[in-house]
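The values are calculated or read from the model by the stated rules, or taken from the named source; none is laboratory data. Treat the numbers as computed from the prediction; the structure is a model and nothing was measured. Neighbour counts run over all protein chains shown; Cβ positions are idealised from the backbone, glycine included. Each accessible area value is taken on the protein alone, full model and side chains, heavy atoms only, with ligands, DNA and RNA left out. Shrake-Rupley method; radii C 1.70, N 1.55, O 1.52, S 1.80 Å.
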Amino acid sequence: MASPKKKLQGLVAATITPMTENGEINFSVIGQYVDYLVKEQGVKNVFVNGTTGEGLSLSISERRRVAEEWVTKGRNKLDQVVIHVGALSLKESQELAQHAAEIGADGIAVIAPFFLKPWNKDVLINFLKEVAAAAPALPFYYYHIPALTGIKIRAEELLDGIQDKIPTFQGLKFSDTDLLDFGQCVDQNRQRQFAFLFGVDEQLLSALVMGATGAVGSTYNYLGKKTNQMLEAFEQKDFSVALNYQFCIQRFINFVVKLGFGVSQTKAIMTLVSGIPMGPPRLPLQKASREFTDNAEAKLKSLNFLSFTSLKDRNLEACS
Ligand SMILES: CC(=O)N[C@H](C=O)[C@@H](O)[C@H](O)[C@H](O)CO
Ligand SMILES: CC(=O)C(=O)O
């Protein structure tokens, strides 16, 4: 049974893996990155080696070293460090799960294997169970991201009876726009203390209404502070204020989505906003274009999302 840890809640930044111009991992900036998240964004939980972290594009030894660096640098600063240990090979996934336990991570998460695929719920549960069993003391989260894995098994169906199979199951990271599925995950598991973490940042407010207990996402790296303001307004039942924050965040995401938005672009935006060099992504991703970066910078300024934007640069679009 997982130790009765503090529940994972609030914002969780899906970490970027910083790289040097020649494609190696830039471990040297992770300490600074931790401080930036905590001090500038008010974000105290991280999700390492996931989609944003290009986890599936790293070697196993790189994944181990990245996990170690976040756990070490996050000690006494971060509340929780969750490591994504999903892989196509069960053995690799188990190795990473065991490693996460050894280094003192706070939880592990796993996506569905997406090349040779589990075709039904029971097979997927069996795979997840074998991974979870390699770290029997760590909270286990299922990472549902059907658009990227191609595994369309509904989360609601997967959660039905999951604790009988996976005693360490502690929650779900739900990266999909199907709020029927998400709402039913919450509704059918009200008696259990699961974490329901939403993963579509531009729609978080709707998920909060459905009972999300937290959120994992790429934009909390640089819009954490804004999103925390939205969470506070929601807690205070100040819904129109919360909606204003969500719209404000949407204006930015909508703008970049139209330019083509993915992990490469997240790296470029984070470099701009934090000043910490995140570097290029690794193939098969390609570096964001100069044009993207310039446009994103102008938008960040006009929305007043860059902390060093001077008052005279502010315009009507800016969010308070
Ligand atoms: C596909 C993907 O990377 N989703 C991220 C997390 O799950 C989100 O944080 C998005 O990046 C974000 O919602 C912007 O679309
Ligand atoms: C967004 C997210 O959770 C990930 O990058 O894995």
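Computed values, structure above
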item: Positive minus negative residues near Ser28 (Lys, Arg vs Asp, Glu; Cβ under 13 Å); result: 0
item: The chain, accessible area per residue, ligands and nucleic acids excluded (1.4 Å, Å²); result: 45 Å²
item: Principal axes of the chain: Cα extent on each, largest first, Å; result: 59, 47, 37
item: Region 183-251, Cα convex hull volume normalised per residue, Å³; result: 83 Å³
item: Compactness index (Cα Rg / 2.2 N^0.38 Å), region 195-300; result: 1.13
item: Angle between the chain longest axis and helix 263-274 axis [Cα atoms, degrees, rounded to 10]; result: 50 degrees
item: GNM top mover of Thr168, Thr20, Thr213 - the chain, alpha-carbon springs below 10 Å; result: Thr20
item: 0 to 90° range, to nearest 10: angle between helix 290-302 axis and the chain longest Cα axis; result: 70 degrees
item: log10 of Debye I(q)/I(0), alpha-carbon scatterers only, for region 113-210 at 0.11, 0.13, 0.15 Å⁻¹; result: -0.30, -0.43, -0.57
item: Sequence of Glu62, Glu24, Glu54 when ordered by accessible area, the most exposed leading, probe 1.4 angstrom; result: Glu24, Glu62, Glu54
item: Fraction of accessible area attributable to carbon and sulfur, the chain (%, probe 1.4 Å); result: 51 percent
item: Principal axis box of region 1-66, alpha-carbon based, largest edge first, Å; result: 41, 33, 17
item: Per-q log10 I(q)/I(0), region 141-264, q = 0.14, 0.18 Å⁻¹ (Debye; single scatterer per alpha-carbon; no solvent); result: -0.63, -0.99
item: Relative contact order for the chain, counting Cα pairs under 8 Å that sit 6 or more residues apart, in percent; result: 18 percent
item: Within straight-line cross-link reach of Lys77, aspartates and glutamates at Cα separation under 12 Å, skipping those fewer than 8 residues along the same chain; result: Asp35
item: Unpaired by the 4.7 Å Cβ criterion, cysteines found in the chain; result: Cys185
item: Inverse mean reciprocal Cα-Cα distance (Kirkwood Rh) of region 1-110, Å; result: 14.0 Å
item: Expected 222 nm ellipticity per residue - DSSP helices of 4 or more, -39500 (n - 2.57), all of the chain, to 500; result: -12500 deg cm²/dmol
item: Qualifying trypsin sites (Lys or Arg not before Pro) for region 34-143 [loop in DSSP, other Cβ within 10 Å: at most 15]; result: Arg75, Lys77
item: Qualifying chymotrypsin sites (Phe, Trp or Tyr not before Pro) in region 68-145, DSSP loop, other Cβ atoms within 10 Å at most 14; result: Phe115, Trp119
item: Neighbourhood net charge (13 Å Cβ-Cβ; Lys/Arg +1, Asp/Glu -1) for Phe292; result: +2
item: DSSP-assigned coil residues among trypsin sites (Lys or Arg not before Pro) in region 190-264, each with at most 11 further Cβ atoms within 10 Å; result: Arg190, Lys237
